[in-house]
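Structure record follows, encoded as structure tokens.
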Amino acid sequence: IDSFIAYQRGSAWVWEKLALTRARAIAGDPTLCDRVTAAVGEALCVARDRAETAREVADMRARIARKKSDFGLWDLKLTPGGLLDVEFIAQFLQIVQAADTPDVLAQNTGEALAKLKQSGFLDARDADELIAGWRLLHTVSQVLRLCVEGRFLPQRAGGELETLLSRAADVPDLNRL
């Protein structure tokens, strides 16, 4: 844990800080879990230059876009405006605000967006749209993970999968989704 703390204080990159917003101790000695939780909180609550952090996050997103294959609209994680973008927004805002308002930290993206809205760091309308979009993307993504092996191709979806996806998204049909 001491090495982790030293690394976070001196060498961790912005993308590692973004990942820490999702970190939590889930098992083990309670004292160690408490130390890990405190170390993560300390690492996240460091004052950061907002503009520089924004540049680094934007650069990281651009690198991911160049390296990963684009499977189009149904690549719910990587498509522009997909899950990754919503998560980056929530994580970025958390790490630039946490030094002054640690209450914005939450491992769950939807909860983090709600806390950022409540704290005034995210416009209420923007937050509501991001939360609704995140819920939709998350729900549809989970259905696809459970029901489809490999890449989802809507033209190959059967009637039952179309119905399930439409129901999960609360839309009349797959075309509307």
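What is the extension gain from Thr31 to Phe71, computed as 0.36 nm multiplied by their sequence separation minus the C-alpha to C-alpha distance, in nm to one decimal? Kindly include the intermediate steps, with their values, before the conclusion.
Working: separation 40, 0.36 × 40 = 14.40 nm, distance 4.45 nm.
Gain in length upon complete extension: 10.0 nm.
Compute the helix-to-body angle for 30-44: its Cα long axis versus the longest principal axis of the chain, expressed 0 to 90° and rounded to tens.
90 degrees
Roughly how big is the stretch 20-76's charge dipole about its Cα centre, with Cβ charges of +1 (Lys, Arg) and -1 (Asp, Glu), in debye to the nearest 20?
Value, rounded to 20: 240 debye.
Go through (i) 12.2; (ii) 12.8; (iii) 9.2 and flag the label whose value is the computed mean projected area of the Cα convex hull in nm² for this structure.
Working out mean projected area of the Cα convex hull in nm² from the coordinates points to (i).
Taking only Cα atoms and a 10 Å spring cutoff, compute GNM fluctuations for the chain and point out the largest among Ala25, Ala39, Ala106.
Greatest mean-square fluctuation among the candidates belongs to Ala25.
Quick check: pseudo-label points 7 Å beyond the Cα along Cα→Cβ at Glu42 and Ala168, how many nm apart are they?
Label at Glu42, label at Ala168, 4.1 nm between them.
Need one number: nm distance between label points at Asn175 and Thr101, each 7 Å from Cα along Cα→Cβ, rounded to one decimal.
The answer from the label model is 4.4 nm.
Taking R0 as 25 Å, what's the FRET efficiency between Ile64 and Phe4 from their Cβ-Cβ distance, rounded to 0.05?
It comes out at approximately 0.50.
How high is the relative contact order of the chain, in percent, with contacts defined as C-alpha pairs under 8 Å that are six or more residues apart?
18 percent.
Ordered by residue, what ³J(HN,Hα) values in Hz, to whole numbers, does the stretch 11-21 give under the Karplus form 6.51 cos²θ - 1.76 cosθ + 1.60, where θ = phi - 60° and Gly and Pro are x?
10, 5, 8, 4, 4, 6, 5, 4, 4, 5, 4
Work out the length of the dipole vector of the stretch 1-121 about its Cα centre, built from +1 on the beta-carbon of each Lys and Arg and -1 on the beta-carbon of each Asp and Glu, and round it to the nearest 20 debye.
Dipole about the Cα centre, nearest 20: 320 debye.
If one computes the Cα centroid of the stretch 51-99 and of the stretch 106-120, what distance in Å separates the two points?
Centre-to-centre (Cα) distance: 17 Å.
What's the lysine pair count for the stretch 1-126 at a Cα cut-off below 29 Å, pairs eight or more apart or interchain?
9
Applying a 10 Å radius around every beta-carbon, put 144-152, 52-60 in order of their mean neighbour count, most first. Intermediate results must be reported in sequence, preceding the final value.
Values: 144-152: 12.3, 52-60: 14.4.
Order by mean packing, descending: 52-60, 144-152.
Among Pro30, Phe71, Gly120, pick out the residue whose Cα is farthest towards the positive end of the charge dipole of the chain, where Lys and Arg carry +1 and Asp and Glu carry -1 on C-beta, about the Cα centre.
Phe71
Using a 1.4 Å probe, what is the accessible area per residue for the stretch 17-115, in Å²?
55 Å²
Just Val86, Val46, Val104 to compare: in a GNM of the chain, with alpha carbon springs under 10 Å, which one fluctuates most?
Val46
Express the carbon and sulfur contribution to the solvent-accessible surface of the stretch 1-114 as a percent, rounded to the nearest whole number, probe 1.4 angstrom.
Carbon and sulfur: 56 percent of the exposed surface of the stretch 1-114.
The values are calculated or read from the model by the stated rules, or taken from the named source; none is laboratory data. Owing to the predicted nature of the structure, the values given are computational and were not obtained by experimental measurement. Every residue, glycine among them, receives a Cβ derived from its backbone with ideal geometry; neighbour counts consider all protein chains shown. SASA here: full protein model, heavy atoms, side chains in, ligands and nucleic acids out. Shrake-Rupley method; radii C 1.70, N 1.55, O 1.52, S 1.80 Å.
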